[in-house]
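The values are calculated or read from the model by the stated rules, or taken from the named source; none is laboratory data. These figures come from a predicted structure and were not determined experimentally. So basically every Cβ, Gly included, is an ideal-geometry build from the backbone, and we count neighbours across all protein chains shown. Remember, those area values only see protein heavy atoms, side chains included, never the ligands or the DNA or RNA. Shrake-Rupley method; radii C 1.70, N 1.55, O 1.52, S 1.80 Å.
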Amino acid sequence: VDVFQAWCGPCKPVVNLFQKIRNQVGSDLLHFAVAEVDSIDALEEYRGQCEPVFLFYTGGELVAVVRGADAPLLQKTILKHL
C-alpha cells in the first residue's frame with residue numbers, strides 16, 4: 001500500500017516498479033493499492049510526512065514498512081514476502 005498525503009500525492013515512479021514485478025511473479029501474488037492518510041484514521045501515524053511510505057501486508061497482517069522510494073529495497077522487500 002502506497003500511503004500518501006493529499007498535498008503530495010502517491011509515488012508515481014514506484015508504480016512502474018510494482019507493475020514490472022507483478023508481471024514477473026504473476027498478478028495473483030502481488031496487489032498494489034494507494035491510501036490517502038487524511039481520510040483513513042488507522043493511518044494517522046503517517047500524517048505530516050513528505051516521504052512515501054509503503055506498507056506490505058501478507059494474509060491481512062502488516063509484515064514490512066519501507067520509507068522512501070528506494071527501488072532496490074522495495075523490490076527486495078516484495079520478493080522476500082512473496
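Can you say whether ALA42 is small (Gly, Ala, Ser) and touching a helix residue (DSSP H, G or I) at 6+ places or on another chain (Cβ under 6 Å), as far as the supplied structure shows? Even if it seems obvious, please write down each step before you answer.
Working: small (Gly, Ala, Ser): yes; touching a helix residue (DSSP H, G or I) at 6+ places or on another chain (Cβ under 6 Å): no.
For ALA42, the condition - small (Gly, Ala, Ser) and touching a helix residue (DSSP H, G or I) at 6+ places or on another chain (Cβ under 6 Å) - is not met.
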TODO: Residues being of a type in the set (S, T, N, Q) and closer than 11 Å to GLN5 by Cβ: count how many of those fall in the range 40-82.
DONE: 1
Open item on the list: Can you list residue pairs whose Cβ atoms sit under 6 Å apart, with the first residue in the range 23-38 being closer than 19 Å to GLY60 by Cβ and the second being of a type in the set (Phe, Trp, Tyr)? Count only pairs 6 or more apart in sequence or on different chains.
Closed with: PHE32/PHE18
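If you take the residues of the range 65-82 that are in a loop (DSSP other than H, G, I, E, B) and on the phi < 0 side of the Ramachandran plot, which of them is surrounded by the fewest Cβ atoms within 10 Å (Cβ to Cβ)?
First, the residues of the range 65-82 that are in a loop (DSSP other than H, G, I, E, B): 68-70, 82.
Subsequent filtering for residues that are on the phi < 0 side of the Ramachandran plot retains 69-70, 82.
Values: ALA69: 16, ASP70: 14, LEU82: 11.
Out of the qualifying residues, it is LEU82.
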- [ ] Kindly establish whether PRO52 is open to solvent by 80 Å² or more (accessible area, probe 1.4 Å), touching a residue at least 40 places away in the same chain (Cβ under 8 Å) and of a type outside the set (Gly, Ala, Ser).
- [x] no
Task: Residue that is farthest from ILE78 (Cα to Cα), among those in the range 19-64 that are β-branched (Val, Ile, Thr) and assigned to a helix (DSSP H, G or I) - done: VAL37
